[in-house]
Structure formats: C-alpha cells, structure tokens
1. Determine which member of the set V88, V70 is buried (at least 17 other Cβ atoms within 10 Å of the Cβ), of a type in the set (A, V, I, L, M) and either at pLDDT below 95 or not in a loop (DSSP other than H, G, I, E, B) (or both).
2. Just checking, does the stretch 52-61 include any residue being within 17 Å of I133 (Cβ to Cβ), touching a helix residue (DSSP H, G or I) at 6+ places or on another chain (Cβ under 6 Å) and part of a loop (DSSP other than H, G, I, E, B)?
3. For a quick check of your reading of the model, give me the residue pairs whose first member lies in the stretch 30-45 and is assigned to a strand (DSSP E or B), whose second is surrounded by 16 or more Cβ atoms within 10 Å (Cβ to Cβ) and among the aromatic types (F, W, Y), with beta-carbon atoms closer than 8 Å and at least 6 apart or on different chains.
4. Is there any pair linking a residue in the stretch 102-130 that is part of a strand (DSSP E or B) to one that is among the basic types (K, R), with Cβ under 7 Å and at least six apart or on different chains, and which?
5. Determine whether the stretch 100-116 contains at least one residue that is of a type outside the set (A, V, I, L, M), within 23 Å of E11 (Cα to Cα) and touching a Pro at 6+ places or on another chain (Cβ under 7 Å).
6. Would a scan of the stretch 35-47 turn up a residue that is within 40 Å of the chain's Cα centre (by Cα), crowded, with 17+ Cβ neighbours inside 10 Å and of a type in the set (A, V, I, L, M)?
Amino acid sequence: MSPILVRPVREQLEHDRVIRLLQAKYKRKFEVAINPGNEQSMPVGPPQAPWYPDLVLMANERSKKVVGVVEVETAESVNHLEAMSQWVAFGKLKVEFHLYVPVTGVDSARRLCTDLQIPTTEIWAYTSIGDQIRFTAVQRAPGSSTPVDTREPRPARVAAEPRAREPQPAARAVKTAAPPARPKPAARRAAPPPAAKGRAAKARPAAPRRGAAKAPSRKTASSRAQKRR
C-alpha cells in the first residue's frame, strides 16, 4: 500500500479516472486488471509480500502471465518516499514498468529515477484540459509495447450540414456591342393652307371651253317663236 494513505478528494478522483482510461486503452493489446483507490484485487510479486500497482498487464493467453505494471501518481505522490516504497519494487520485477505522472512532476520523477537507479520502461506525463486528459511520452526504453493511442477519445462532434452552394450565374457570351441606331427624322407635316380672310369666297362657275356651244337663252327662243307666227 502507498505510504500516502489519504489523497485530496479531487486528486483521488483524477487518479482513478486516469486508471480507468488507461485500462480501456491497454485492453487493445493486453488483459488488464486494476487496483483503483484502496482496492486490492490483483497482486504482483512474491505471495508473502505482494504489491498492488494501479494497473496489471497480462498476456492474452491462457496462462495470463504478467507482462507489465502501470503506476499512476498525482502531484502529491511524486516524492522520495513514494519512489523508495513502490517504484523501486516495481523496477525490480522482470516485467515492463510504466510510470504516469502529472506534467508538473515530470522533472522530479526523472530525477528520482536517476538518483535511485530505478529502471522504467516508459515515463508518461498527463494533463487535464477541461473534460479531456492528454498524455505525452517523456521517456521510452527500447522494445516498449505501448498501445498506439493512449489519449482520451474526444467527444464526437456533430457534423455540420453541408451548405448548399449557390448557383453561379452562367458565363455570358461576349458580343460586340452594335452602335445605337440613329432615330429617323420625323416626317414633316404639310403646312395647313392659310385661312381665308373674311367670308369664304363663293365658288365661281368654270369658264366655258373654247368651241363649246352656248345654250340658247330663253329670250332668243321666245323671239324666234313670235316671228314664225
């Protein structure tokens, strides 16, 4: 059991969340057992003095052979006492040892591993961004069997509906602009005849043509009739 028996509630919740997240990721390659909080369900090491790491990685075989252990630390548990108590014991096991620490404890963890000569297969830094936890590899030993993706899956985003493209106007054929037609001159109207001054002149009888026989007058005809009598 860890020398730090009581963690702040917030750190303990984050600690257990990281454990369950890593359990889902490591399941892609291993059989995984976890010991979150004060649970002691999967021991490793000698039966007379067992250890309970946060995650125990086992081969996907009937033998269920332990192939690795994973320890998750918080800001309060990255210290010399924790390293002497657990990290040294996990480093002596003939399996892979993966150490996860917060970003703020990366330098301290590397210094403790170097000073105490603790062999680690991998050292990872994790950080919490909103509702997501991201992991960054700090140190890897040759032959490490880390899963390909150890980041928390991001929430699925609702795909935006494709925006209908506005129809583009068809290209118009360029035509040579014809010169504007000149307006035709308006037909001149005939000037009205000058108005007759005064009363309208009466129509005069047409003059007789030359050679035309004149109609005998009534006086001449009557005189001729008297002479005959």
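The values are calculated or read from the model by the stated rules, or taken from the named source; none is laboratory data. Since we're looking at a predicted model, the values are computed, not measured. Cβ placement follows ideal geometry from the backbone for every residue including glycine, while neighbour counts extend to all protein chains displayed.
1. Working: V88 fails: buried (at least 17 other Cβ atoms within 10 Å of the Cβ).
Going through V88, V70 in turn, the sole match is V70.
2. Yes.
3. V32/Y26; V44/W51; V44/Y52
4. Pairs found: E122/R140; I123/R110; Y126/R134; T127/R134.
5. Checked against the condition, which is being of a type outside the set (A, V, I, L, M), within 23 Å of E11 (Cα to Cα) and touching a Pro at 6+ places or on another chain (Cβ under 7 Å), the stretch 100-116 yields no hits at all.
6. No, every residue in the stretch 35-47 fails to be within 40 Å of the chain's Cα centre (by Cα), crowded, with 17+ Cβ neighbours inside 10 Å and of a type in the set (A, V, I, L, M).
Every residue, every condition in (1) within 46 Å of the chain's Cα centre (by Cα); (2) modelled with pLDDT under 95, yes or no:
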{"residue": "P50", "(1), (2)": "no, yes"}
{"residue": "D54", "(1), (2)": "yes, no"}
{"residue": "A75", "(1), (2)": "yes, yes"}
{"residue": "E82", "(1), (2)": "yes, yes"}
{"residue": "L93", "(1), (2)": "no, yes"}
{"residue": "E96", "(1), (2)": "yes, no"}
{"residue": "L99", "(1), (2)": "yes, no"}
{"residue": "V106", "(1), (2)": "yes, no"}
{"residue": "A109", "(1), (2)": "yes, no"}
